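The values are calculated or read from the model by the stated rules, or taken from the named source; none is laboratory data. On a predicted model such as this, the values are computed, not experimentally measured, just so you know. Glycine also receives a Cβ, built like all others from the backbone with ideal geometry; neighbour counts cover every protein chain displayed.
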Amino acid sequence: MIAGDPTQLSVAQMSAEMAARRLSPVDLVEGFLKRIEAKEPKLQAFVAVYADDAHMAAQAADRAIRSGHAVGPLHGVPIALKDLIEMEGRVVTGGCGAWRMRMATRTAPLAQHLIAQGMIVLGKTHTVQFAMGGWGTNTQMGTPWNPWDMTVARTPGGSSSGSGVAVAAGLAPWAIGTDTGGSVRLPACWCGLTGLKTTVGRISTQGILPLSTTFDTAGPMAHSVEDAALLYRAMLGPTAPDMDALLPGFRRGVRGLRLARLPDNERTASTPEVLAAYDASLKLLESLGAEIVDLKLPFALADVVRVIGRIISAEAYTMLRELADDETIPLDEDVRPRITAGRKVSAQAYLEALAQREAMKAQFAQAMDGIDALLTPTIGTAAIALSEVDQNGTPAHYTRFVNLLDLCALALPNGFTAGGLPLSLQIVCRGFDEAMAMRIGFAYQQATDWHMRRPAL
């Protein structure tokens, strides 16, 4: 039996303690369910909590581990899933009140991979309706409370809002989010977490309610790069490299890497506190041996937002038009206009946007020649009060280009405001180079403790 609260351990530590039989999955699951019971009325991170099933799964995991039949190092570790991921026999709402009774008839391959490795699903977490929004708000199903300010309701980040809040508040050790324009990284930023936006095609999105088939991805949300890597490996399924092969690459450090800084003209989208934390991060990585270089972007990031917005709107309307066009079906008043905007996107405009995307991908690849990663703030501000949100705008200035250009990116904590709100660094790498992003992030977290801080609840 270990001393202290097992819910405060990293997942790597949980795994080690269960393997040594000093920690039971039953005690671990019970610890998280007690935290959920105590904190959920305020935080509202979960759409549904599967307490009874989690208890039964924990008892089974305990017996398997003690009898030498553990299926892997994550057997018995709890997890939370975003309410876009289908599990047969479970309601999947996609954040839509009209779908409160929508029962899934299949289980997403992603969920199958996690369950097959012995992970225990605690429940489903809130999402912005249809995952279409970056602030994290949902007027129908509820907006999760950002735990870094228990007095003022602030943006949790979206669309994986519930996943971000659940992990930040210690209601789950880690969670799955999805990212179409920043929806893993935005809540990771504002909730003080590490979140990985994976390359399109890296993780199966079958059985995940779609928003944009061109850009939809699934990714891990955790406290540290090490834990995010463990979950990323699990998400890849049985064909993934084992961690003994993956982790040594992370531990190579950043010496000799060429990392690009944000062009001066793009710094204007960030507050002074964000820029101060960002500049300090660059200096730290430079002190660890990286070369910080200038990069001339071939386009403005604001232009990227317009191109990707056209593609997402067209694809979202194609999939959701029956709901959006039926005014008798109540939808989130902020989301319906985003979907119906797709009516105005002609086939020609859609195809032109796709062609523009390909041209921009080529331009960016040329600009990044000889550079290992681009470093940016994740969001230009700390979490703002919900009362200050402009639903006509987006916090995704620094994230959407990653989706448009088919890149991968890691968001991780890199400081706090004077008021105690988390800030975040984004590490952007080429498509299918998640290992490089995590290598840089791991080196950064070895030299800092921002990711170890927790909100006072």
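Assorted remarks:
- Boolean, LEU186 is over 25 Å from ARG454 (Cα atoms), in the same structural domain as ILE115 (by TED's automatic domain parsing) and modelled with pLDDT of 95 or more: no
- Any chance MET14 is crowded, with 16+ Cβ neighbours inside 10 Å and modelled with pLDDT of 95 or more: yes
- Verdict on LEU284 being closer than 30 Å to GLN117 by Cβ and at pLDDT 95 or above: no
- When residues of the stretch 310-351 are limited to those that are closer than 25 Å to PHE401 by Cβ and of a type in the set (Asp, Glu), the one modelled with the lowest pLDDT: ASP334
- Leading residue by the ranking (nearest to THR378 (Cα to Cα)) among those in the stretch 281-311 that are of a type in the set (A, V, I, L, M) and touching a strand residue (DSSP E or B) at 6+ places or on another chain (Cβ under 7 Å): LEU282
- Test result for VAL293, at pLDDT 95 or above and within 17 Å of VAL428 (Cα to Cα): yes
- Looking only at the stretch 337-366, and only at residues there that are surrounded by 17 or more Cβ atoms within 10 Å (Cβ to Cβ) and in contact with a Pro (Cβ under 9 Å, 6 or more places away or on another chain), the one that is farthest from THR394 (Cα to Cα): PHE364
- Inclusion of LEU28 among residues that are modelled with pLDDT of 95 or more, crowded, with 22+ Cβ neighbours inside 10 Å and outside any helix (DSSP H, G or I) is not warranted.
- Residues being of a type in the set (D, E, K, R) and buried (at least 19 other Cβ atoms within 10 Å of the Cβ) - total across the stretch 298-327: 2
- Hits in the stretch 76-103 - residues which are assigned to a loop (DSSP other than H, G, I, E, B) and either closer than 25 Å to ALA64 by Cα or without any contact (Cβ under 8 Å) to a residue 40 or more places away in the chain (or both): GLY76, VAL77, MET87, GLU88, GLY89, ARG100, MET101, ARG102
- For the stretch 31-75, the tally of residues that are assigned to a loop (DSSP other than H, G, I, E, B) and among the β-branched types (Val, Ile, Thr) stands at 1.
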